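What follows draws every value from the coordinates through simple rules; no lab data is involved. What you are looking at is a predicted structure, and each value in this text was computed from that prediction instead of being measured. Heads up, the Cβs are rebuilt from the backbone with ideal geometry, glycines too, and the neighbour counts pull from every protein chain shown.
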Amino acid sequence: MNAHVPAGTRRGGHVVRILTIAAHAFTQLARMKVFHFLALFAVVAIASNFLNLPQHEGPESAGAAVLRSIKSWSLGAMTLFSVVIAVAATALLIPKDIEDRTLYTILAKPVPRIDYLAGRLLGVLLLLFVSLLAMDLLMTAVLQVRTAIVLGEQRDMAAALGWPPDAVESLLAETRAAGPGWPLQGAVAAVFVRAAVMASIALLISTFSTSTLFTTVVGLLVYFIGHFQADARDFWLQGGEAGEGAAARLASLALALVLPDFQLFNVIDAVIEGSVVPLATLGRLVLAGGYYVVLFTLASWFIFAEKEI
Amino acid sequence: MSEPVPAVEIRHLVKDFHTSFRRRPLRAVDDLSLTIRAGEVYGLIGPNGSGKSTTMKALLGLVAPTSGSCRIFGKDSLKVDSRDEVGFLPENPYFHKHLTGVETLRFYGRLCGLRGRALDDRVVELLDLVGLTDAGGRRLAGYSKGMLQRIGLAQALVQEPRLVILDEPTAGVDPVGSRGIRDLILALRDRGITVFLCSHLLEQVQEVCDHVGILCGGRIVREGRLDDLISIEDQTEIVIRRAGADLVERITALVGESPGASIVRSGRPRTTLERLFLETTTGKEGGA
């Protein structure tokens, strides 16, 4: 007997289904006015920099400090916002689909459960990407304007004090380096990778959690614990030096393998201080983030595949 | 010649649920077997908690059987490809309220592999079929319960499935909408589409179903062709239009002369409240 094939229908591949579900999740979150909150938060965080200009300092020392302050505030706001959105949005989607029974109608179509999970996660990542892009553009614009102001003030100061040209140029170069540039974009990429890891953790928790609140609280707890992951790994690598038994070392190893090392993201602080993060370091960061996202997504699938809905 | 593949084949299905409050698992479905041939309208009826929804979920692969098997057109229902040709309308569906009717159908259509012009045409066709053409651009948050049920029916039909599973399709729908859904089920049957219906509304099941299974305590207690199940073997019904008193008297006398025969009931047959409602509110005859 030949299979019935409705006109115009072709069995969609995994990619098409995942993209369809991702676009749907993105639309759902966008229509929940997530972007309104983001824009407000970004504007408040970045506008606050205008209120904190250190008027008492001379322009030669104030210039870089002002720019560092803007980067610190902006990247801090991005980190907070992206982590909260990553956890809360992911925690919301699957329980809501179960509660509203929309999951029945989706999984009653020829949709593998891994496609559903991957699509939901991708939708959140898309939201984070767009949010961070908007914040990045705003931060870069503010920095650009402020850098130009600082450079002008420094030129005026140097002219008034009669600084030699090479000293003036050195000061201006230092200020420009503290302004917008590629290292800053690398730091924003790191913020995105960290948020992506958090979203995948929230996805895993939401596959067995019974409420959005539980998922959010446990997700943020994992984020907190993740900052001690490196200490756990070091403890294991040092072995006997710590004076503990094999069981303790194994526990430390297990913790290090399954919990992301969020200290890797300290490169963001380095960028704020004006350091240039090597591309290789950024690449390793992206790879490590990718490893955790894939690990947690597969673990989510392992649980969700057996889940009775 | 081999038998055609049944649309639905459930064999010795058992489903236990483990709850934290009970030591013994709760058995929702107990050794249930049934077969639905392609093109039939099959009604599964039973009291609350009798296992109807669990049976449907097992058939759709939403829950895994504790033992036994479910097959759709010969494919194991735990496999994703068994759902290629299935449309499902859950009881009291709550679709994504942020989407419009058109967006909802496009979303489900894409999940089923529909694209481009074929998808656009299908969405227009389905909105027309369920009478939501004018409401297609509105978000579902503004839909009434009946409209939600109709958009749910449309999404179930989006990929032109050969099997449609309907869980309480007229729950919360007014009599006009309910009649529309009934007519749609009959239209699906005329097109050769198999319908597996689960409902509390026995009158509705009686109107549309060819076969019926009665579920109680997770077990099928009666099953068969509807006509066979509900006809009273030793009685015959004759309905006569414009019968005068003398004709009724003669028939009564004739029956009295026949050994063993007796008149059980006579009088004017009544219309149904549903038919009266439809004639009053829509001006159309409610149908048979």
Can you give me the long-range amide H partners of residue B:87? Hydrogens built in the peptide plane at 1.01 Å from N, cutoff under 5 Å, separation of 5 or more residues or another chain. B:163, B:164, B:165
Just to check I understand the Karplus step: with θ = phi - 60° and J = 6.51 cos²θ - 1.76 cosθ + 1.60, what whole-Hz values come out for region A:272-289, glycine and proline as x? 4, 6, x, 6, 9, 7, x, 4, 4, 5, 5, x, 5, 5, 5, 5, 4, x
Quick one: what do you get for region B:91-197 if you divide its Cα Rg by 2.2 N^0.38 Å? 0.99
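How do B:35-41, B:192-198 rank on mean C-beta neighbours within 10 Å, highest first? Provide the component values of the computation, followed by the final result.
On the way: B:35-41: 18.7, B:192-198: 22.0.
Most protected by this proxy first, the peptides run B:192-198, B:35-41.
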Quick query: amide H of residue B:29 versus all other amide H atoms, modeled in the peptide plane; which residues come in under 5 Å with a sequence gap of 5 or more or a different chain? B:15
Which log10 I(q)/I(0) values does the protein assembly as shown give at q = 0.09 Å⁻¹ under the Debye formula, counting every alpha carbon as one identical point scatterer? -0.85
Just to be sure I follow: if Rg is taken over the C-alpha atoms of region A:259-309 and Rh is the Kirkwood radius over the same atoms, what is Rg/Rh? 1.22
Residue B:225 to residue B:264: extension gain in nm, 0.36 nm per residue of separation minus the Cα-Cα distance? 11.5 nm
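Step by step: find N for chain B, compute 2.2 N^0.38 Å, then divide the Cα radius of gyration by it. What's the final number? Working shown, then result.
Details: Rg = 22.5 Å, N = 288, 2.2 N^0.38 = 18.9 Å.
Its radius of gyration relative to the 2.2 N^0.38 Å reference: 1.19.
Between their Cα atoms, which of A:96/B:57; B:75/B:145; B:15/B:145 are more than 28 Å away from each other?
Numbers: A:96/B:57 19 Å; B:75/B:145 34 Å; B:15/B:145 31 Å.
Checking Cα-Cα distances, B:75/B:145; B:15/B:145 exceed 28 Å.
Using Cβ contacts closer than 10 Å as the measure, can you line up B:83, A:101 from fewest to most? Could the numbers behind the result be given before it?
Details: B:83 24, A:101 16.
Going from least to most buried by this count: A:101, B:83.
Mind sorting B:199, A:275, A:209 by how few other Cβ atoms lie within 10 Å of their own Cβ, fewest first?
Values: B:199 22, A:275 13, A:209 19.
In increasing order of surrounding Cβ atoms, one gets A:275, A:209, B:199.
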With axes computed from alpha carbons, what is the tilt in degrees of helix B:116-129 against the longest principal axis of chain B, rounded to the nearest 10 within 0 to 90? 30 degrees
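When the chain is fully extended, how far beyond the present Cα-Cα distance does residue B:282 get from residue B:234, taking 0.36 nm per residue of separation? Write out the running numbers ahead of the final one.
Values: separation 48, 0.36 × 48 = 17.28 nm, distance 3.88 nm.
That pair, residue B:282 and residue B:234, stretches by 13.4 nm at full extension.
Rounded to the nearest 20 debye, what is the charge dipole size of region B:89-170 about its Cα centre when +1 sits on each Lys and Arg Cβ and -1 on each Asp and Glu Cβ? Please list the in-between numbers first.
Working: 11 positive and 10 negative charges, 58 e Å.
The calculated dipole for region B:89-170 is roughly 280 debye.
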Ranked B:84, A:261, B:76, criterion: other C-beta atoms within 10 Å, fewest first: B:76, A:261, B:84
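Add -39500 (n - 2.57) for each DSSP H run of 4 or more in chain B, then divide by its residues: what number comes out at 222 nm, to the nearest 500 deg cm²/dmol?
Numbers: 9 runs with 96 residues, N = 288.
When only DSSP H runs of four or more count, the value is -10000 deg cm²/dmol.
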